[in-house]
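To keep things clear, I will list the structure first and then write my remarks on it.
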Amino acid sequence: MSKNNCQEVKNTVKVFVDADRELGPISPALYGVNHRYFNHGVGMWDAEKGEAKSVFDEIYSKIGFKSLRYPGGTVGNTFDWKVSLGPLEQRKNVVHGHKNNLSPQATDFGVDEAARFCEKHGTEMVYVYNMANGSAQDAANLVEYLNAPDDGKHPWAALRTQNGHREPYNVKYFEMGNEMFFRGQRYWLAGKSDKPYQEVYAHGGTISFEDQGVVFPDDWRQSAAVSNGSACQVRFIRFAPIVEGSEEILVNGEKWTRVKDLSAHGKENLYHIDYESGKITFGDGLNGNIPPSGYGITANYVIRHEGFVDFYAAMKAVDPTINILPCLEDSAFLDAMGSEHLYDGIAMHPYVWRMPKGISIEDYHDNIMQMTERNAYMMKELMESVRKRVGDERFEKMKFPCTEYGILANCAPVDHYLLSLDHGLFIARSFLNFMEINVPFASKHCLIDYQAGDSLGPGEQAVIGQEPDFLVTATARVFEMFIHMFGNTRVLSVTADAPVKQINNKEYLAALKTTGGVNIVNENDKDNIWITHYAQEHMETDGLLGILKVGASRDDDGNLYIMAINCDREDEISAVIDISGFPEETEGEVWVLNGPDYLSFNTLESPDTVSIHKHTIRKTENRLELLLPAHSVTAVKLNKTS
């Protein structure tokens, strides 16, 4: 590029890169996704063949995702891993975890299928444990199944071998529940207790429930609490184990009587209960009456539930090397844990939530781009809050991953924003910010989704589109860029004279603090720490958006990488990059991700509207000149030797 051309560009910046100045490692697991087991892995799994569908498998392999969170978020809360093992014909369903669904879900994309899929693709598996219906011993059994050697001392490891995989899967991260700060995901924490739910999550306790419908293990819908009039009906109390003698079982509002043995009684209103599992059995009409068809069955009861500290101890006893992460993030939980109780970090969910109604797309774009820096700042605030409580020595060993992130609600003033190039720029900027605060892994929500959405939220949040075509989105291209065109060790890069823009964020900040008008705060928002604390208390900024974000790295072979993200909607940027600590003469390649417009997105008819363009480059001095197009991601790889 000539100097004359450089002068014609509106924005010119200088970037200084020192290839010898290491800033720390970059975890490959940063380039990860949240994936759900249900509906055959959201359509990617061929249960009959026992493998991923070929179209999807090829796309996944080409992009090269490095970590996968399984069995999902909300749906992971109630995923009973044990029933997903073994031959398909012997498996049982599990209950969907969302409060507006709670229906039976098949488990053909079970634990072994997911773990082997990750193993095949060199993807690190991150596991979300079912805190809604699990126990400390059950969690320990899971760790044994996934990580213990089959040495004759570990029966769950022997079962893994029986199921076709002798070697351990070596899963290193376990997230204990998903977003249990939300009212709709508190499950047993939603019962009555004399302690705050954060303390109950941490240490367990006694919790009572009233007038709760009985359920099936795989079906928690209201219909499950209605008698079908058959003999020997079996139902379950939703949460267990039950405090012995605390329960009342009511049929159509009338209390029935507990007995130890139904066969010893006649035609009476009786039931038998197993306190450990919460299983309730009714009579056959001769030995105990049958609840009449159409009658509702409810329970009042008390449970004594284990807390995080109990799960932690049981799981670490099986494998001391694993990282066990709580899903609560607020000060009440951190205070409940204090400095004496162990946890290995915090699972963070720094979503961008909502925007004021009527915001223009231009202001929306500006605020979304600035949110990448705000999110990183809020995450760092949470980390420092932990450091103050546990001390420097413990803190340095802790992990703070983003186990879910993204733009949760599609509140943009244009259609298909979550598929757009602009959303890809948001993810690219997020990657560089995650690196700066040493995030060990991140799980973009989500790998695959339904375009129309479902009970879990709005559609089009996926990195890869729904079956059968599995469209590659602009965001997927960003993953491909970072995975294949960035190194594993950060090196120093400094941008001088970087263009900044004054943005209109007053409406957004005001909306975060209001409960009316352009209200973006609903009942769920009140449970979200990222809005109620970090957003409201720590997001007063000067309203400036940095247009250009640059990062640099090296790989194990010494090759140098530069990643530059220009989020300007209209103007290109001329970048003059001075490089030290690297050979003057070398060759390399450049990848540029872009589309006709910052709102462009791929479709089945035009799958390459947003695409990567590649060309080679030759550097003959310690300076590199690049033209960074508007709304683009540019990746440069310079070879250590020509």
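Here are some notes:
- Cβ-Cβ contacts under 6 Å between residues 6 or more apart (or on different chains), taken from a first residue in the range 421-446 that is farther than 24 Å from PRO71 by Cα to a second residue that is open to solvent by 10 Å² or more (accessible area, probe 1.4 Å) and of a type in the set (Phe, Trp, Tyr), are listed as LEU421/TYR598; ASP422/TYR598.
Quick grid of which residues meet (1) closer than 30 Å to PRO149 by Cα; (2) surrounded by fewer than 16 Cβ atoms within 10 Å (Cβ to Cβ); (3) touching a helix residue (DSSP H, G or I) at 6+ places or on another chain (Cβ under 8 Å):
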site: LYS260; (1), (2), (3): no, yes, no
site: ASP274; (1), (2), (3): no, yes, no
site: ALA299; (1), (2), (3): no, no, no
site: PHE311; (1), (2), (3): yes, no, yes
site: LYS316; (1), (2), (3): yes, no, no
site: GLU329; (1), (2), (3): no, no, yes
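- Each residue in the range 144-154 was checked for being buried (at least 17 other Cβ atoms within 10 Å of the Cβ), in a loop (DSSP other than H, G, I, E, B) and free of Cβ contacts under 8 Å to residues at least 40 places away in the same chain, and 2 pass.
- GLY32 touching a Ser or Thr at 6+ places or on another chain (Cβ under 7 Å) and either among the acidic types (Asp, Glu) or closer than 29 Å to ALA452 by Cβ (or both): yes
Condition check ((1) at pLDDT below 95; (2) more than 19 Å from VAL633 (Cβ to Cβ); (3) touching a Pro at 6+ places or on another chain (Cβ under 7 Å)) across all residues:
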{"position": "ARG477", "(1), (2), (3)": "no, no, no"}
{"position": "GLN502", "(1), (2), (3)": "yes, yes, no"}
{"position": "ALA511", "(1), (2), (3)": "yes, yes, yes"}
{"position": "VAL518", "(1), (2), (3)": "yes, yes, yes"}
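- Members of the range 213-227 that are of a type in the set (Phe, Trp, Tyr) and either open to solvent by less than 20 Å² (accessible area, probe 1.4 Å) or within 28 Å of TYR343 (Cα to Cα) (or both): TRP220
Rundown of residues vs (1) surrounded by 20 or more Cβ atoms within 10 Å (Cβ to Cβ); (2) part of a loop (DSSP other than H, G, I, E, B); (3) among the acidic types (Asp, Glu), yes/no style:
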| position | (1), (2), (3) |
| --- | --- |
| THR161 | no, no, no |
| GLY164 | no, yes, no |
| TYR169 | no, yes, no |
| ASN178 | yes, yes, no |
| ALA202 | yes, no, no |
| ASP211 | no, no, yes |
| GLY229 | no, yes, no |
| ARG238 | yes, yes, no |
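- Considering the range 183-200, and only residues there that are assigned to a helix (DSSP H, G or I) and in contact (Cβ under 8 Å) with a residue 60 or more places away in the chain, the residue that is most open to solvent (accessible area, probe 1.4 Å) turns out to be ARG183.
- Consider the range 86-101 and keep the residues that are surrounded by fewer than 19 Cβ atoms within 10 Å (Cβ to Cβ) and touching a residue at least 12 places away in the same chain (Cβ under 8 Å). The one that is nearest to ALA224 (Cα to Cα) is ASN101.
- Verdict on ASP112 being closer than 29 Å to PHE239 by Cβ and open to solvent by 10 Å² or more (accessible area, probe 1.4 Å): no
- Criterion (more than 30 Å from TRP220 (Cβ to Cβ) and either in contact with an Asp or Glu (Cβ under 6 Å, 6 or more places away or on another chain) or crowded, with 18+ Cβ neighbours inside 10 Å (or both)) met by exactly one of PHE56, PHE79: PHE56
- Residues in the range 458-508 that are open to solvent by 20 Å² or more (accessible area, probe 1.4 Å) and assigned to a helix (DSSP H, G or I) were compared, and the one that is nearest to PHE601 (Cα to Cα) is ARG477.
- Exclusive hit being within 30 Å of HIS154 (Cβ to Cβ), of a type in the set (Asp, Glu) and in contact (Cβ under 8 Å) with a residue 60 or more places away in the chain, set ASP319, ASP366: ASP319
- Test: residue in the range 261-277 that is of a type outside the set (Phe, Trp, Tyr) and within 30 Å of GLU179 (Cβ to Cβ): yes
- Residues being assigned to a strand (DSSP E or B) and surrounded by 18 or more Cβ atoms within 10 Å (Cβ to Cβ) - total across the range 613-642: 11
- Residue ID - modelled with the lowest pLDDT, chosen from residues in the range 381-425 that are on the phi > 0 side of the Ramachandran plot and either open to solvent by 20 Å² or more (accessible area, probe 1.4 Å) or of a type in the set (A, V, I, L, M) (or both): HIS416
- Matching residues, the range 59-76, being of a type in the set (Ser, Thr, Tyr), over 23 Å from PHE181 (Cβ atoms) and either part of a loop (DSSP other than H, G, I, E, B) or open to solvent by less than 10 Å² (accessible area, probe 1.4 Å) (or both): TYR60, SER67
- Restricting the range 23-47 to residues that are touching a strand residue (DSSP E or B) at 6+ places or on another chain (Cβ under 9 Å) and of a type in the set (A, V, I, L, M) leaves a set whose member that is surrounded by the most Cβ atoms within 10 Å (Cβ to Cβ) is VAL33.
- Every residue from the range 115-129 that is open to solvent by 20 Å² or more (accessible area, probe 1.4 Å) and out of contact with any Ser or Thr (no Cβ under 8 Å at 6 or more places or on another chain): ARG116, GLU119, LYS120, GLY122
- Screening ALA157 with (1) touching a residue at least 40 places away in the same chain (Cβ under 8 Å); (2) assigned to a helix (DSSP H, G or I); (3) hydrophobic (A, V, I, L, M, F, W, C); (4) within 27 Å of GLU51 (Cα to Cα) gives one miss only, at (1).
The values are calculated or read from the model by the stated rules, or taken from the named source; none is laboratory data. Just so we're clear, the structure is a prediction, and the values are computed from it rather than from any experiment. Please note: Cβ atoms are built from the backbone with ideal geometry, for glycine as well, and neighbour counts cover all protein chains shown. Areas reflect the complete protein model, heavy atoms only, side chains present, ligands, DNA and RNA absent. Shrake-Rupley method; radii C 1.70, N 1.55, O 1.52, S 1.80 Å.
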